[in-house]
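K.L.:
Here it is, the structure in full.
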Protein chains: 2
Amino acid sequence: MLFNDTIAAIATAPGAGAIAVIRLSGPDAIDLITDHFKPVGHKKISDQDSHTIHLGDIVFNDQIIDQALVSLFKAPRSYTGENVVEISCHGSTYIQQTLLNQLVATKRCRIAEPGEFTKRAFLNGKMSLTTAEAVADLISSESEAAHQLAINQMRGGFTEALKDLRSQLIHMASMIELELDFSGEDVIFASRDELKSLLEKLKQTIKELLDSFAYGNAIKQGVSVALLGAPNAGKSTLLNALLNEERAIVSDIAGTTRDTIEDRLIIDGILFRFIDTAGIRETSDQIEKLGIVRSIESAQKADIVILLIDAVSTTQNDLSTTISLLDDHNIDRSRTMILFNKIDLNQDLNLEVPKNIEFLALSAKNKIAIDDLKHQLVQRVLQGKNGANETVVSNSRHYGALHNALQEIFELESGIAQNIPSDLFAISLRKVIHHLGEITGEVSTDDLLGSIFSNFCIGK
Amino acid sequence: MLFNDTIAAIATAPGAGAIAVIRLSGPDAIDLITDHFKPVGHKKISDQDSHTIHLGDIVFNDQIIDQALVSLFKAPRSYTGENVVEISCHGSTYIQQTLLNQLVATKRCRIAEPGEFTKRAFLNGKMSLTTAEAVADLISSESEAAHQLAINQMRGGFTEALKDLRSQLIHMASMIELELDFSGEDVIFASRDELKSLLEKLKQTIKELLDSFAYGNAIKQGVSVALLGAPNAGKSTLLNALLNEERAIVSDIAGTTRDTIEDRLIIDGILFRFIDTAGIRETSDQIEKLGIVRSIESAQKADIVILLIDAVSTTQNDLSTTISLLDDHNIDRSRTMILFNKIDLNQDLNLEVPKNIEFLALSAKNKIAIDDLKHQLVQRVLQGKNGANETVVSNSRHYGALHNALQEIFELESGIAQNIPSDLFAISLRKVIHHLGEITGEVSTDDLLGSIFSNFCIGK
């Protein structure tokens, strides 16, 4: 056992419910509960089998706190690999808090830090670091796509491929280091061609993974859509047209909070976050100018920029001005989508759009082409997917490590090309191995683990 | 089995947590989960023992929804007395909702109504109606006293004594009804003296229980304290002085919401709800008059009325006017408490208080005598307790049934005194028995059960 203290936390969502679960993990977990649980039938809890459930009274200072179910998980057959007890009690906030307080008051356990159960699971070798991170993603996922991403990552995901390449690299590195021991003798254990081809394969894999990050991150955080358009262009009508049909889906998910500045909407399992902005056009009004600055900033940060245009009142000049304003602020045309609204009122729309900007004519009010819009939004996201779900990177820490590994591979390749001595490029090779190891946690530091697990919720 | 359908619900508090529990109960519960759960080690779930826990994947339409723990409870060894399955899944709102939706989509279970698990437990004979009601009270209790009341009620509480008296009454009633069969022969099977003494004992018990309701209800709902006083009397300073020391306790309990018009405070385990009101005094200002009407109404509804008086600026005339205003509105003097604030600024306080109104001099700002105030508040509540916790009625339905039983006993007694024929008072006797039976659920109707269980939370 790595840890000699026992931790405790409320593992279910905060607030009152029918039941709540308090979780204990550590060497003293089972003995502690044995002393404060009077099971029906007077059996001794610590003598019971792992993975069994027992009904009884939780008693502290001769007072019954609750009648509860106690589940036993004996080390190493538990989530953390330690002795684990789960107390399933009545879900009043009073009982939850009193039970936790009383447990801690025995001084035989302490309140767990966020993610500490999963951190112990990782450190006790029950799961890799990417799996542990996937647990946190799984708990916070709000959409089907984000959930599927997390499930895939939990089950290995892209790390299996990397692990294999990494162990080939480790073998290669040992060979090269062996050469160094025989440095006077000019022997070569590691074929440079093999090394080159391995690096090539690795580069290819990493590049694909890096490319998938935009998609993975958008899925995980939700796809941000900046909605630009003059106040009369029909922004809220458009949002309502989109929301109306999907509202059932959004509100079905309990706990989904609608941000005051965002409209959140799940289309085909993908979460879109619509950010409403002021319109952008030439103006001399100072306050309006401020609004435009904010619109531009939203557009620059967004995954997709929708320019909503009133098909009745907008002139070609208005449109061209707006497009050039976007160009001026480096908002990539491929990210932009022009929607001509109120198309039912102007069937002979005659506005010209540059070839490299996608556009669609619709009526938000009469729900013409709303499905086309949804389809195009989803397609834009899926374009970034590049193949199977399994090879998607959604975690910025993984992205960073992959990026560092790739940079180091470039160094290494240029070193090999320049015929630098093998003791120099052996160092680069070790760095590549190090960065790849950071992803799955084969290499880790306390700082790294601290920053990963502190983002977890309590009780996991 | 009384029910042939299977019910399902999320049993933990709404929102995301580390884990969430979905509960299934009914004849198909175990078979349903067997078809959608792939346990580690490929064992067949329905073949496993009751009270065991299994790790595996929850699978619908070949898609893994989550890796979860499944707990089995086989009929009749479960909360409801039916087959019960608890799925302990990762606590994302997406997983909770998807899992529940997929279960329902199989058409082999439906979403449970509020309290339906406990209703089934009652109807399957696993618990009495008072115990079932205590479960709901337990879940919603926010303070130690309310919690203890619910625990006591869950463990039988006052119903044991009543049950015994009720079965004696039933015996008595059968004897009297037997006499009716032999009505021509003038035999007496039931001693009238015994009946009178039984009724006397019952009356005594019921009266004590009815008296305890004010206390029980206050404990359950929280003790309401109307805080009356002019704006400069120091109401918010007083609340802060009370809250400051106790805030830690209040905020320790997660999920405690502070109502906008109430300050909630737990003192010695009892919840007090302070309702701030406008001051009351003679005035011609119309708006101020409205405020006074509202103050009076609050005071009439409150368990305790605190009259906060500025010890520096208040005259004897002001005080007397205020007291007579309370008298005029039938606010019982025994409920009222006068607090002279700012006592540090006026050591020679010389205001006269009627003998039957309790008073206390303090300084909210300098925290003089705040502990005395707390002590007096708690004492006022405990006065109503009248002995042991076990004999406290806190449920207004029980209060109503007891009240009806008592009225019927009065009828019965006067009937016996008037020597009415035994066939007439046998009806009264049956009514007493009926009302007592309503409490524990030995007598129940669908309407009654519907109104009780609809107040439960979902999943219990």
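K.L.:
All but one of (1) in contact with a Ser or Thr (Cβ under 8 Å, 6 or more places away or on another chain); (2) free of Cβ contacts under 8 Å to residues at least 60 places away in the same chain hold for B:Gln168, so report the exception by its number.
P.N.:
Exception for B:Gln168: condition (1).
K.L.:
Then there's this: Using the structure shown, decide if B:Val84 is surrounded by 23 or more Cβ atoms within 10 Å (Cβ to Cβ), among the β-branched types (Val, Ile, Thr) and at pLDDT 95 or above.
P.N.:
yes
K.L.:
Which condition does A:Ile95 not pass, out of (1) out of contact with any helix residue (DSSP H, G or I) (no Cβ under 8 Å at 6 or more places or on another chain); (2) in contact (Cβ under 8 Å) with a residue 40 or more places away in the chain; (3) within 11 Å of chain B (Cβ to nearest Cβ), if it passes all the others?
P.N.:
(1)
K.L.:
What are the residues in region A:383-435 that are aliphatic (A, V, I, L, M), modelled with pLDDT under 90 and within 24 Å of A:Ile188 (Cα to Cα), if any?
P.N.:
Of everything in region A:383-435, those that are aliphatic (A, V, I, L, M), modelled with pLDDT under 90 and within 24 Å of A:Ile188 (Cα to Cα) turn out to be A:Ile416, A:Ala417, A:Ile420, A:Leu424, A:Ala426, A:Ile427.
K.L.:
OK, next. Looking at the structure I just gave you, is A:Ser50 surrounded by 24 or more Cβ atoms within 10 Å (Cβ to Cβ), hydroxyl-bearing (Ser, Thr, Tyr), part of a loop (DSSP other than H, G, I, E, B) and within 12 Å of chain B (Cβ to nearest Cβ)?
P.N.:
Here the answer is no, as A:Ser50 does not meet what is asked.
K.L.:
Looking at B:Gly400, B:Gly437, B:Gly415, can you tell me which residue is more than 30 Å from B:Asn346 (Cβ to Cβ) and touching a Leu at 6+ places or on another chain (Cβ under 7 Å)?
P.N.:
B:Gly415
K.L.:
Evaluate region A:301-319: report whether one residue or more is in the same structural domain as A:Thr277 (by TED's automatic domain parsing), part of a helix (DSSP H, G or I) and of a type in the set (S, T, N, Q).
P.N.:
yes
Let's see how each residue does on (1) closer than 23 Å to B:Asp5 by Cβ; (2) assigned to a strand (DSSP E or B); (3) more than 11 Å from every other protein chain (Cβ to nearest Cβ):
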residue: B:Ile33; (1), (2), (3): yes, no, yes
residue: B:Gly56; (1), (2), (3): no, yes, yes
residue: B:Gln67; (1), (2), (3): no, yes, no
residue: B:Tyr79; (1), (2), (3): yes, no, no
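K.L.:
Scan (1) buried (at least 18 other Cβ atoms within 10 Å of the Cβ); (2) in contact (Cβ under 8 Å) with a residue 60 or more places away in the chain; (3) in contact with a strand residue (DSSP E or B) (Cβ under 9 Å, 6 or more places away or on another chain) for the single condition B:Ile343 breaks and write down its number.
P.N.:
Single failed check for B:Ile343: (2).
K.L.:
Checking the condition at pLDDT 90 or above and touching a Gly at 6+ places or on another chain (Cβ under 6 Å), which residue from B:Leu210, B:Leu123, B:Leu138, B:Leu129 passes?
P.N.:
When all the criteria are applied, what remains is B:Leu129.
K.L.:
Take the residues of region A:130-163 that are of a type outside the set (Ser, Thr, Tyr) and closer than 17 Å to A:Val443 by Cβ: which is surrounded by the most Cβ atoms within 10 Å (Cβ to Cβ)?
P.N.:
A:Glu133
K.L.:
Please go through (1) surrounded by fewer than 18 Cβ atoms within 10 Å (Cβ to Cβ); (2) at the interface with chain B (Cβ under 7 Å from one of its Cβ atoms); (3) not hydrophobic (A, V, I, L, M, F, W, C) for A:Asn61 and return the number of the only condition it doesn't satisfy.
P.N.:
Result: A:Asn61 fails condition (2) only.
K.L.:
Follow-up. Exactly one condition in (1) away from chain A (no Cβ under 14 Å); (2) in contact with a helix residue (DSSP H, G or I) (Cβ under 7 Å, 6 or more places away or on another chain); (3) surrounded by 17 or more Cβ atoms within 10 Å (Cβ to Cβ); (4) closer than 28 Å to B:Phe456 by Cα is not met by B:Leu210; state its number.
P.N.:
Exception for B:Leu210: condition (3).
K.L.:
Note down all Cβ pairs under 6 Å where the first residue falls in region B:438-460 and is within 14 Å of chain A (Cβ to nearest Cβ) and among the polar types (S, T, N, Q), the second is buried (at least 17 other Cβ atoms within 10 Å of the Cβ) and outside any loop (DSSP other than H, G, I, E, B), and they're at least six residues apart or on different chains.
P.N.:
none
K.L.:
Does B:Ala18 fit the bill of being within 23 Å of A:Pro76 (Cα to Cα), at the interface with chain A (Cβ under 10 Å from one of its Cβ atoms) and crowded, with 23+ Cβ neighbours inside 10 Å?
P.N.:
Here the answer is yes, as B:Ala18 does meet what is asked.
K.L.:
Conditions: (1) in contact with a strand residue (DSSP E or B) (Cβ under 6 Å, 6 or more places away or on another chain); (2) loosely packed, with under 15 Cβ neighbours inside 10 Å; (3) of a type outside the set (Ser, Thr, Tyr). A:Gln418 meets all but one. Number of the miss?
P.N.:
(1)
K.L.:
Return the pair list, or none, for Cβ contacts closer than 6 Å from residues in region B:113-142 that are facing chain A (nearest Cβ under 10 Å) to residues that are hydroxyl-bearing (Ser, Thr, Tyr) and surrounded by fewer than 20 Cβ atoms within 10 Å (Cβ to Cβ), at least 6 apart or on different chains.
P.N.:
B:Pro114/B:Ser454
K.L.:
Within the bounds of region B:291-299, is there any residue that is within 18 Å of B:Lys235 (Cβ to Cβ), touching a His at 6+ places or on another chain (Cβ under 6 Å) and not acidic (Asp, Glu)?
P.N.:
Yes, that holds for at least one residue.
K.L.:
For B:Lys385, are the conditions met, namely being farther than 24 Å from B:Ala150 by Cβ and either touching a Phe, Trp or Tyr at 6+ places or on another chain (Cβ under 6 Å) or part of a loop (DSSP other than H, G, I, E, B) (or both)?
P.N.:
No; evaluated as a whole, the condition is false for this residue.
The values are calculated or read from the model by the stated rules, or taken from the named source; none is laboratory data. Everything numeric in this text was worked out from a predicted model, so none of it was measured. Don't worry about glycine lacking a Cβ; one is built from the backbone with ideal geometry, like all the others, and counts go over all protein chains shown.
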